[in-house]
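Quick notes on the structure that follows.
The values are calculated or read from the model by the stated rules, or taken from the named source; none is laboratory data. What you see is a predicted model, and the numbers here were worked out from it, not measured in a lab. Cβ: placed from backbone, ideal geometry, glycine included. Neighbour counts: every protein chain shown. The protein model used for the area step is the full one, side chains on, heavy atoms only, and it has no ligands, DNA or RNA in it. Shrake-Rupley method; radii C 1.70, N 1.55, O 1.52, S 1.80 Å.
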Amino acid sequence: MNVIEVKGLKKSYGQVHAVRGVDLSIPAGEIFALLGPNGAGKTTTVEILEGFRSRDAGEVSVLGFDPKVQGHGGRQWRDRIGIVLQSAADAGDLTVIETVDHFSGYYSKPRKPDEVLAAVGLEEKSGALIRNLSGGQRRRLDVALGIIGSPELLFLDEPTTGFDPEARRAFWALIQQLRGDGTSILLTTHYLDEAEALADRVAVINDGLIIEVSTPAELGGRATSQAVVSWRDGNQIKTEATDNPTSVVTRLNAHFGGEIPELTVTRPSLEDIYLTMIGGVHE
Ligand code: ATP
């Protein structure tokens, strides 16, 4: 079963054609990442799927319902969905635990507020007022509110913006755990390492159109792209680009008669590939 099915989605704001014909199929249990530069149409697409924006054309099914049709899925549909928006609502005068408690009341199968705060690393801030949280702590609270309802499908729009590196790693572990529990996840992110660590598949969207859908390992021909072998020869670092790094290493091994000094074999990172893809069509 596909949790998300989109065909020919279009949306314009006046003269701005934000989404120009997007197709997506996301099976249950997958972590799917939407990648693209600022203004590519990611948030517009995601918010149409969440039922927060109208569309001009196309077919959309989210957990079997069309989010556009008022009352079609209704409360039962919302109950199965978790959302972390790009900019969260303000609730400055409540404490962290009050807010999480309050949100848990909206769902039929909420997680325990204490456990969710622990999962996002906010247990020590439980009694703090939201307006006194740092930016990254505030974002962690957004994530807590997204998962409090034990959603089947979780939307994460740039969830780790403002996280320190340790918090990001902890967040990745949390997302992997949610996937392990069967949660399907649609993620938008500008962090390519995050997409690589989490996503089963990624779509690159630019100027309202999807350029490619693939696994992070295979995007843009990455898996078959040339490797670069580098090593030290005397006081020089030498490099060689090759389709057959094993044969280069075998040759060097024979040449050095064993350990090859400072040997590295690298392939383009997801970010290298992504920037090449975007660079071809973006200024
Ligand atoms: P970012 O990475 O910066 O979040 P994005 O890929 O999420 O970007 P969108 O927010 O979907 O991009 O915006 C796509 C285009 O639509 C942009 O050109 C943006 O300026 C425009 N746009 C988005 N929302 C509106 C709106 N409410 N009114 C008018 N134009 C809008």
For this session: Compare Thr215, Thr44 by solvent-accessible area with a 1.4 Å probe and give them largest first, with all protein chains kept in place.
Result: Thr215, Thr44
Exercise. Sequence-distant or interchain residues sharing an amide H contact under 5 Å with Asp56, placed H: which?
Worked result: Lys10, Lys11, Ser12
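At 1.4 Å probe radius, can you tell me the per residue accessible area of the chain in Å²?
Working: 13990 Å² over 283 residues.
Using a 1.4 Å probe on heavy atoms only, each residue of the chain averages 49 Å².
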Exercise. Assigning unit charges at the beta carbon (Lys, Arg +1; Asp, Glu -1) and nothing else, what dipole magnitude in debye, to the nearest 20, does the range 226-266 show about its Cα centre?
Worked result: 40
Exercise. By how many nm would the segment from Lys10 to Ile237 grow when fully extended, if each residue of separation counts as 0.36 nm and the alpha-carbon distance is taken off?
Worked result: 76.6 nm
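Probe radius 1.4 Å, ligands and nucleic acids ignored: give me the carbon and sulfur share of the accessible area of the range 226-266 as a rounded percent. Before the final figure, lay out the partial values.
Values: 1310 of 2700 Å².
Carbon and sulfur together cover 48 percent of it.
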For this session: Just subtract the alpha-carbon distance of Asp114 and Asp56 from 0.36 nm times their residue separation and send over the number in nm, one decimal.
Result: 16.7 nm
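Quote the charge dipole size of the range 130-283 about the Cα centre in Debye, to the nearest 20; the model charges only the Cβ of Lys and Arg (+1) and of Asp and Glu (-1). Mind dumping the intermediate values first?
Numbers: 13 positive and 22 negative charges, 73 e Å.
With Lys and Arg at +1 and Asp and Glu at -1, about 360 debye.
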Exercise. Counting only DSSP beta bridges with both residues in the chain, what percent are antiparallel, rounded to the nearest 5?
Worked result: 65
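What stretch of the chain, leaving out the sites themselves, is the longest with no chymotrypsin sites (Phe, Trp or Tyr not before Pro) in a DSSP loop having at most 14 other Cβ atoms within 10 Å? Before the final figure, lay out the partial values.
Working: sites that count: Phe52, Tyr106.
Longest gap between qualifying sites, sites excluded: 107-283.
What's the magnitude of the charge dipole for the chain around its Cα centre, counting Lys and Arg as +1 and Asp and Glu as -1 at the beta-carbon? Answer in Debye, nearest 20. Walk me through the numbers on the way to the answer.
On the way: 28 positive and 39 negative charges, 97 e Å.
That gives a dipole near 460 debye.
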Seminar exercise, completed: Dividing the helical contributions, -39500 (n - 2.57) per DSSP H run of n ≥ 4, by the residues of the chain yields a 222 nm value, nearest 500 deg cm²/dmol, of -9000 deg cm²/dmol
Exercise. With labels modelled as points extended 7 Å from the Cα through the Cβ direction, what inter-label distance (nm, one decimal) is found for Ser247 paired with Ser225?
Worked result: 2.2
Exercise. Given the protein chains as shown and a 1.4 Å probe, how many square angstrom of His17 are accessible, to the nearest 10?
Worked result: 110
For this session: Would you list which aspartates and glutamates come within 20 Å of Lys7, measuring only between C-alpha atoms, while excluding same-chain residues fewer than 8 positions from it?
Result: Asp23, Glu30, Glu47, Glu50, Asp56, Glu59, Asp66, Asp207, Glu212
Exercise. If each of Glu212 and Leu275 carries a label point 7 Å out from its Cα toward its Cβ, how far apart are those two points in nm?
Worked result: 1.6
Exercise. Which one of Gly208, Thr266, Ile48 has its Cα pushed farthest toward the positive end of the charge dipole of the chain, where Lys and Arg give +1 and Asp and Glu give -1 at the Cβ?
Worked result: Ile48
Seminar exercise, completed: Nearest-0.05 FRET efficiency for Tyr106 and Arg169 at R0 = 30 Å, using Cβ-Cβ distance, is 0.50
For this session: Could you pull the Rg and Dmax for the range 226-266, using just the Cα atoms, both in Å?
Result: 9.4, 26
Problem set entry | Mean Cα-pair separation over length for the range 226-266, i.e. relative contact order, pairs under 8 Å, 6 or more apart, % | 51
For this session: Normalising by the residue count of the chain, find the relative contact order in percent from Cα pairs under 8 Å and 6+ residues apart.
Result: 20
Exercise. Which is farthest toward the positive dipole end of the range 174-238 among Gln176, Thr189, Ser230, measuring Cα position about the Cα centre, with Cβ charges +1 (Lys, Arg) and -1 (Asp, Glu)?
Worked result: Ser230
Seminar exercise, completed: Between the modelled labels at Asn132 and Thr95 (7 Å from Cα along Cα→Cβ) the distance in nm is 1.0
